[in-house]
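What follows is a set of notes on a single structure, which appears directly below.
None of the figures in this text is laboratory data; all of them are computed from the coordinates on show. It should be emphasised that the depicted structure is a prediction, and the values quoted were computed from it without experimental measurement. Because the Cβ atoms are built from the backbone with ideal geometry, glycine has one as well, and the counts that use them run over all protein chains shown.
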Amino acid sequence: MLGEYRISGRGASDISASVERGVASGDLAPGHVLPPMRALAQELGVNPNTVAAAYRVLRERGVIETAGRRGSRVRQRPASTARGSLRVEAPPGVRELGDGNPDPAMLPDLGPALAAASKAYADRPGLYGDAPVLPELASLVRAGLDADGVPAGPVALASGSLDAIERVLTAHLKPGDPVAVEDPGWGALLDLIPALGMHPVPVALDGEGPLPGDVERVLRSGARALVVTDRAQNPTGATVSDTRAAALRAVLAQHPAVLLIEDDHGHAIVDLPLHPLAGVTERWAFVRSASKAYGPDLRLAVLTGDALTVDRVTGRQNLGAGWVSGLLQRTVHHLWASGAVDPVEVARSYAQRRDALIRALGERGVPAYGRTGMNVWVPVSDETGAVTRMLHAGWAVAPGARFRIASPPGVRLTVSPLSAADIEPLADAVAAAARPARPVSYG
């Protein structure tokens with residue numbers, strides 16, 4: 001219940017602001033039930049429609065959720081509380097394995113690419129009215145997508161994967177719509193969806209991607225969109241296999257009105273082939289980012305999809321940011337065209353560290369998962385305790401709460417900073433910190 005906190009206000013905006021103040025101060029904790037609309041209206045001396053409008057604003061902002069006859073309550077994780085804040089800062093002397101960053105040694109030298117972009121800009125500066133996507137970049141991107149079997153579609157750009165996904169979601173969905181997401185999954189996406197006023201619906205997965213039966217269940221229950229990570233899933237390392245892709249396409253074919261969004265942030269750091277799902281539903285989008293392989297500060301992601309989706313995204317983008325910087329486009333084009341990153345070598349380097357850690361943990365009786373990418377997921381029974389014990393042992397790891405909705409506890413370790421000499425002492429620390437957890441397969 002509400003305890004001592006009293007909601008105040010005469011107008012919808014005042015009432016919603018009062019609730020938000022209570023949430024921000026902690027007086028209205030996650031899970032607290034709000035008064036029924038008629039009861040609160042009577043207490044405040046206002047029309048019930050005023051309270052209904054206030055609650056609607058709060059739902060759209062991701063502050064509360066409503067479950068029919070069970071009433072409205074403060075969300076378990078309000079949109080104003082970013083999952084990224086659920087981390088342990090590594091003090092001096094503690095190794096950082098929780099930030100999810102790539103190995104700087106695996107990132108390309110940007111000097112030649114920046115010089116090429118600067119020269120091209122000097123020859124022809126970018127001006128208002130130019131095409132939003134450089135023709136040479138669009139051609140290179142489309143050729144790569146064609147080679148990977150991604151269906152034909154126009155090419156657009158966004159400032160990173162999350163920006164692209166947000167634009168696609170808001171192009172078709174409205175506040176209150178349920179969105180199916182992998183669980184455990186990308187913490188930033190799990191924050192974004194309620195921030196848009198939408199409702200994340202968890203989908204279980206294993207090492208080959210989302211489970212078809214679970215996808216079928218959530219789509220039948222009314223999910224309007226499905227977001228799938230094709231490769232190097234964060235945090236489990238899952239990669240959609242050929243057989244799993246076929247099964248998922250069969251499920252999606254029964255729900256053609258569902259919006260499908262595929263995230264291929266693992267491009268150029270994974271040596272397994274892509275098995276795209278796109279082309280089965282009427283509305284779809286495929287996103288490919290430069291961040292993991294070329295550097296997080298290169299805020300560029302390419303987007304393709306059905307013509308209506310891409311048109312809505314670019315139309316709205318024109319009214320805001322306008323376009324992604326042509327200098328950045330030229331830089332990324334040079335990196336891609338020149339082969340500045342060897343995907344096989346990058347994938348091999350991460351795989352050596354990842355596989356060595358998983359193998360060492362297995363020798364100590366600790367199950368761990370990480371089929372691809374730069375992360376290893378370790379199920380634990382006591383997440384907080386495991387994180388604390390790891391910190392005392394000299395290692396900062398990411399608490400699984402950053403990535404979970406309903407899935408069991410765990411911790412994520414990023415292998416990027418590891419050397420061969422780190423594997424055995426790290427495995428010893430994990431084995432000592434972990435407690436037996438019920439079996440969960442992400443392998």
What is the extension gain from Ala246 to Ala337, computed as 0.36 nm multiplied by their sequence separation minus the C-alpha to C-alpha distance, in nm to one decimal? 29.6 nm
Can you put Glu136, Glu383, Glu4 in order of Cβ neighbours within 10 angstrom, beginning with the fewest? Glu4, Glu136, Glu383
To the nearest 20 Debye, how big is the dipole of the stretch 12-74 about its Cα centre, given +1 on the beta carbon of each Lys and Arg and -1 on that of each Asp and Glu? 260
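Grab the DSSP H runs of the chain that are 4 residues or longer, score each as -39,500 (n - 2.57), total them, divide by all residues and round the 222 nm result to the nearest 500 deg cm²/dmol.
-12000 deg cm²/dmol
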Computed E for Glu89/Arg359 - FRET, C-beta separation, R0 30 angstrom, nearest 0.05: 0.50
Rounded FRET efficiency, nearest 0.05, which uses the C-beta distance separating Ser159 from Ser381 and R0 of 25 Å: 0.05
Rounded to 0.05, the calculated FRET efficiency for the beta carbons of Asp271 and Ser325 at R₀ = 25 Å is 0.25
For a quick check: sort Met198, Met37 by the number of other beta carbons within 10 angstrom, fewest at the front. Met37, Met198
Which value in nm describes the separation of the simple spin-label points at Arg70 and Ala115, placed 7 Å from the Cα toward the beta carbon? 6.2
